[in-house]
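Notes follow the structure.
The values are calculated or read from the model by the stated rules, or taken from the named source; none is laboratory data. If you're wondering where the values come from, they're calculated on a predicted model, not measured in any experiment. All Cβ positions, glycine included, derive from the backbone under ideal geometry; neighbour counts span all protein chains shown. Keep in mind that these areas ignore ligands, DNA and RNA; they rest on the heavy atoms of the full protein, side chains included. Shrake-Rupley method; radii C 1.70, N 1.55, O 1.52, S 1.80 Å.
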Amino acid sequence: MNTLFGEKKEGATKIVLTRVDEYPEAPISLGTTLSNFTGDWRTFIPVVDDDKCVKCYICWKFCPEPAIYIREDGYVGIDYDYCKGCGICANECPTKAITMEKEEK
Amino acid sequence: MEYKPIRKVVSGNYAAAYAVKHARVEVVAAYPITPQTSIIEKIAEFLANGEIEGLEYVPVESEHSAMAACIGASATGARAFTATSAQGLALMHEMLHWAAGARLPIVMVDVNRAMAPPWSVWDDQTDSLAQRDTGWLQFYAENNQEVYDGVLMAFKIAETVNLPAMVVESAFILSHTYDVVEMIPQELVDEFLPPRKPLYTLTDFDNPVAVGALGGPNDYYEFRYKIAKAMEDAKKVIHEVGKEFGERFGRDYSQMIELYRTDDADFVFMGMGSLMGTVKQAVDVLRDEGYKVGAAKVRWFRPFPKEELYELAKSVEGIAVLDRNFSFGQEGILFNEAKGALYNTNAKPLMKNYIVGLGGRDFTVSDVRKIAENMKAIIEKGELDVEVDWYHLKR
Ligand code: SF4
Ligand code: SF4
């Protein structure tokens, strides 16, 4: 389940609750973010330039979806199943290592 | 450790502040509004003097933000507190739903104050009662002691059922009036009120949760039911915590309705908050004068003590419901609730609603006597004169 290191889609199945006692006591999400593939909303796509990246992970913190993960080599990877193309990461990156490019479908 | 109370002469507001200190609250959201301000001032003073440790004191720019800050704090697992009055409480309204909906056991003192206009800072219960449908537990204190005890119990009850709780005291009559309050030594409060065990926390990174997620028509309904059930469960918890409080500290709060000389009473006065102190005093006077009367003080308005009311209603001929509040287009709010609670039972005492004390209008022992005379007359006749009596009206 840990999207931080890229094991992203484990457990990404839609949870359907059929009995009231299956519900959590408080209305908290039950992994719904993982089963919600926001990647198909996208027009622009972030592209990371590892040469410019200083591994500050500001993009990881700001990304509103579970779309940015930290690769084994310490650079950031983008999971395009979840990246909705909002461009927040590109805007926040202090070294301008991320550019938003029009996605060709 | 043997219980030896520490007696202090404090205002109702200071009693609340001491209880917050003794409850080891971790986050206080502070915004001033008369007559609540001296609660958060006193807490700030404790902090400045180094009398409280580990407290995050968050000055905010409105009551809406105060409740938002408490919600955030409570969601991380912290014990959170704030205080307000009237317009400030109304401004929080939206956030009150968030607190209860997210099942966060925040405790708040509301100093009952009349809603404007006309502008008023005096006692009136309409502010808190207007929040009755937000999912908050509501405790009404009769005196400064009950403010102190109420805050401590509210945390324990709220954290057991995971719903927020409001402790309500009267503007000025309690908030700014000094009285002896028996306080509990810190170690004994710690035993009574251990650290909170939250349902979830935002800082448990191994089990991440999103709070306030979307609940579609397929799920929303179930979460509402869970709140309704938690409210129902709260009755038992209130009973147990109130009983435990009595066993440990000598003041028993096991009953949601405190009965005073009701055993052989023909009729009773029912109401909430500080006015019930006056009523109890009046009951003693009236008993000496030969009236068989008693008092029923509703301590908890949410959850509503339906079962206890039914037990009482079975044994009396009449109930004079004293409402220091009003729901326009209908009647006094406690009256409305009490009548509704009894409708499907076989207890049908004559019930009359007296609207008293709105906006801080004095309510005295002689007022209770006049009401007793009127109640006696209608019970003898077997029918009401009017159902809702604007008792003080200058006619
Ligand atoms: S914000 Fe930019 S520099 Fe920082 S980790 Fe992300 S891509 Fe690299
Ligand atoms: S474009 Fe938006 S969703 Fe995609 S990786 Fe950047 S911040 Fe995340």
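General observations
- Helix B:144-161 vs. chain B, principal-axis angle (Cα, 0 to 90°, nearest 10): 60
- Shielding score for B:207-217, defined as the mean number of other chain Cβ atoms within 10 Å: 4
- Counting Cβ atoms of other protein chains within 10 Å of each residue's Cβ and taking the mean over peptide B:222-235 gives 2.
- Accessible area buried between chains A and B, both sides summed, probe 1.4 Å, in Å² to nearest 100: 1200
- Hz values of 3J(HN,Hα) by residue in segment B:353-369 - Karplus curve (6.51, -1.76, 1.60), Gly and Pro given as x: 9, 10, 8, 10, x, 4, x, x, 4, 4, 10, 10, 4, 5, 5, 5, 4
- Angle between chain B longest axis and helix B:12-22 axis [Cα atoms, degrees, rounded to 10]: 40
- Taking Cα centre as origin and charging only the Cβ of basic (Lys, Arg, +1) and acidic (Asp, Glu, -1) residues, the dipole magnitude of segment B:254-395 rounds to 320 debye.
- Segment B:267-395: relative contact order as a whole-number percent, Cα under 8 Å and 6+ apart: 27
- Between the amide H of B:Arg302 and those of B:Gln138, distances stay under 5 Å, these residues lying 5 or more places away or on another chain, with hydrogens modeled in the peptide plane.
- Neighbour-limited loop hits for GluC sites (Glu not before Pro), segment A:49-105 (at most 14 other Cβ within 10 Å; DSSP other than H, G, I, E, B): A:Glu72, A:Glu103, A:Glu104
- Subset of B:Lys21/B:Lys156; B:Lys235/B:Lys297; B:Lys297/B:Lys352; B:Lys197/B:Lys229 violating a 18 Å alpha-carbon distance limit: B:Lys197/B:Lys229
- ³J(HN,Hα) computed for each position of segment B:58-71 - Karplus, 6.51 cos²θ - 1.76 cosθ + 1.60, integer Hz, glycine/proline x: 10, x, 10, 9, 6, 5, 4, 5, 4, 5, 4, 5, 5, 5
- Sequence-distant contacts, meaning Cα pairs under 8 Å at least 6 residues apart, place the relative contact order of segment B:1-148 at 25 percent.
- Longest DSSP-loop-exposure-free segment, GluC sites (Glu not before Pro), chain B, at most 13 other Cβ within 10 Å: B:62-288
- Distance between segment B:79-95 and segment B:128-177 - C-alpha centres, whole angstrom: 12
- Loop-resident chymotrypsin sites (Phe, Trp or Tyr not before Pro) (DSSP state other than H, G, I, E or B) in segment B:25-129 with no more than 16 further Cβ atoms inside 10 Å of their Cβ: B:Trp119.
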